[in-house]
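Have a look at the structure below, then the notes.
The values are calculated or read from the model by the stated rules, or taken from the named source; none is laboratory data. Predicted, not measured: the structure shown is a model, and the values here were computed from it. Every residue, glycine among them, receives a Cβ derived from its backbone with ideal geometry; neighbour counts consider all protein chains shown.
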Amino acid sequence: MNLRWPVLCGLFLSASVRGEEGLLADATRWQGAEFAALFPVPTVEAASISRVAATRRFEVFGSQPMAVSARWVNGGVHSISVVIFDAGSFFGYNNSNLPKDESFEAGELRFDKVFSERLEAVLAGLKKLGADGGTELVLGKRSGLNLKTQLFKLPQGAARLMSYEHQLLLLDFFRSEADARSLLIPVTIAPAKAPAGSTERRLPVVPMVPQGNRGYCGVATLAMVGSMLGLQLGAEEYAALSGFQYGIETKSDIRELFGNVAQEAGVKALRSPKFDAGKMKQSIDQGMPVVVFRYWAEERDYIHSAYSTRIARGEKAELPAASMDDRKTWPKKSPFTHASIVNGYRADKREAIFTESWGEQARNRRMRVEEMEGTSYYAVYFGR
């Protein structure tokens, strides 16, 4: 089954507010005009994740959610995801969303208070919608993901609640209990293709999951890769799974989750302490992505951005082979690290083509493979 999975995110714009939990929880209404007014049918033809503004703001169980998304598969709505409360968005990157006169400790107390209030409201609201008492459901046991949720049966569908204290409160609505009991949507992974008139090989689709003003670089990248492989989870869920608390990663290594995701999707994941161009080509040729963890520097990023923009415009340009002086400017052991998805290559120019979790403008960027090899400290090669 080919996957068409645009995600329409509620970036609420107008001043009018009303509760829409009844509409979201009733799968029989997802094809009606009222639903289409909130989530217009996506026009994206390729299998991708895109976020567009909802037509108006609304509440779910008495509060405005941080994000609402509709998952589309093969032209139809598969499920609805409501981010009730997310610590990454609450605190922001380096706590930049907190009021200037509020300490981090005070922010923690305020977050926990709101979290408890909203959890209570969600449970009460589900009961009013006719949900049963709920049962514990752990997803991804075989792969080690171990996503702890509660499953609720509804009169016209099912709901799955993910409640991780100090980090995330998220509610998904599904058409059926069977859909709610699975993390995976079967997908057909197409081999890499060469754009017309080009010697490049590039993966057909890289779903975009913007990290936003959150320390979610790694988990957003993981969500993008997971979506390519058919997993439902977003950046918020992976942040909670990887041990984030109050928007900060506290205990686990996000890199370990890439292996869990591969196992859950039924593919292979070869992990290595270095990026290797040969292994990268093998993955890309199979239609599979590569994730590279690398040291990052603003001046090098500017060079890659400027060059990539020229190529995207159809201009003739080339990154020259790195001299010894160039190599001295490459970041090594820098305080800034980043995760990128390698989604293609151009062999004749020795270029790796990569995409970032920064938004649509960060697609198909370019770097010479020797620089990626020289600045990487970890890589994950997905394969069949």
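Listing for the model above:
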| read-out | value |
| --- | --- |
| Hits in region 299-323 - residues which are charged (D, E, K, R), touching a residue at least 12 places away in the same chain (Cβ under 8 Å) and under 24 Å from Thr337 (Cα atoms) | Glu299, Arg300 |
| All positions within region 340-356 that are among the small types (Gly, Ala, Ser) and at pLDDT 95 or above | Ser340, Gly344, Ala352 |
| Conditions (1) within 23 Å of Glu264 (Cα to Cα); (2) in contact with a Lys or Arg (Cβ under 9 Å, 6 or more places away or on another chain); number of the one not met by Leu184 | (2) |
| Failed item, numbered, when Gly215 is tested on (1) assigned to a loop (DSSP other than H, G, I, E, B); (2) closer than 23 Å to Gly266 by Cβ | (2) |
| Close pairs (6 angstrom Cβ cut-off, 6 or more residues apart or separate chains): in the same structural domain as Arg175 (by TED's automatic domain parsing) and modelled with pLDDT of 85 or more in region 29-54, surrounded by 12 or more Cβ atoms within 10 Å (Cβ to Cβ) and in a loop (DSSP other than H, G, I, E, B) anywhere | Ala37/Thr55; Leu38/Ala54 |
| Selected residue (only one of Val205, Val187, Val138, Val209 is modelled with pLDDT of 95 or more and either part of a loop (DSSP other than H, G, I, E, B) or farther than 22 Å from Asp26 by Cα (or both)) | Val138 |
| The lone exception for Arg175 - which of (1) farther than 18 Å from Ala240 by Cα; (2) touching a helix residue (DSSP H, G or I) at 6+ places or on another chain (Cβ under 8 Å); (3) free of Cβ contacts under 8 Å to residues at least 60 places away in the same chain; (4) not β-branched (Val, Ile, Thr) it fails | (3) |
| Boolean, Ala121 is out of contact with any Leu (no Cβ under 9 Å at 6 or more places or on another chain), assigned to a helix (DSSP H, G or I) and either within 19 Å of Gln64 (Cβ to Cβ) or touching a residue at least 60 places away in the same chain (Cβ under 8 Å) (or both) | yes |
| Filter result for Lys279 (in a loop (DSSP other than H, G, I, E, B), out of contact with any Gly (no Cβ under 7 Å at 6 or more places or on another chain), surrounded by fewer than 18 Cβ atoms within 10 Å (Cβ to Cβ) and not assigned by TED's automatic domain parsing to the domain that holds Phe85) | no |
| Matching option when the condition is farther than 25 Å from Tyr246 by Cα and not polar (S, T, N, Q), among Leu139, Leu123, Leu154, Leu145 | Leu154 |
| Identity of the residue in region 171-184, more than 30 Å from Leu98 (Cβ to Cβ) and assigned to a strand (DSSP E or B), that ends up modelled with the lowest pLDDT | Leu184 |
| Count of region 327-340 residues which are of a type in the set (A, V, I, L, M, F, W, C) and surrounded by fewer than 24 Cβ atoms within 10 Å (Cβ to Cβ) | 2 |
| Per-region count, region 183-221, residues without any contact (Cβ under 8 Å) to a residue 60 or more places away in the chain and within 18 Å of the chain's Cα centre (by Cα) | 1 |
| Odd one out for Arg310 among (1) over 27 Å from the mean Cα position of the chain (by Cα); (2) not in a helix (DSSP H, G or I) | (2) |
| From the options Ala269, Ala347, Ala322, Ala312, residue that is touching a Gly at 6+ places or on another chain (Cβ under 7 Å), more than 21 Å from Gly215 (Cβ to Cβ), in the same structural domain as Val209 (by TED's automatic domain parsing) and surrounded by fewer than 23 Cβ atoms within 10 Å (Cβ to Cβ) | Ala269 |
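Listed here are the residues, each with its yes/no results for (1) in a loop (DSSP other than H, G, I, E, B); (2) crowded, with 22+ Cβ neighbours inside 10 Å; (3) assigned by TED's automatic domain parsing to the domain that holds Val209.
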position: Pro65; (1), (2), (3): yes, yes, no
position: Val68; (1), (2), (3): no, yes, no
position: Ile80; (1), (2), (3): no, yes, no
position: Phe85; (1), (2), (3): no, yes, no
position: Asn97; (1), (2), (3): yes, no, no
position: Glu102; (1), (2), (3): yes, no, no
position: Glu105; (1), (2), (3): no, no, no
position: Leu109; (1), (2), (3): no, no, no
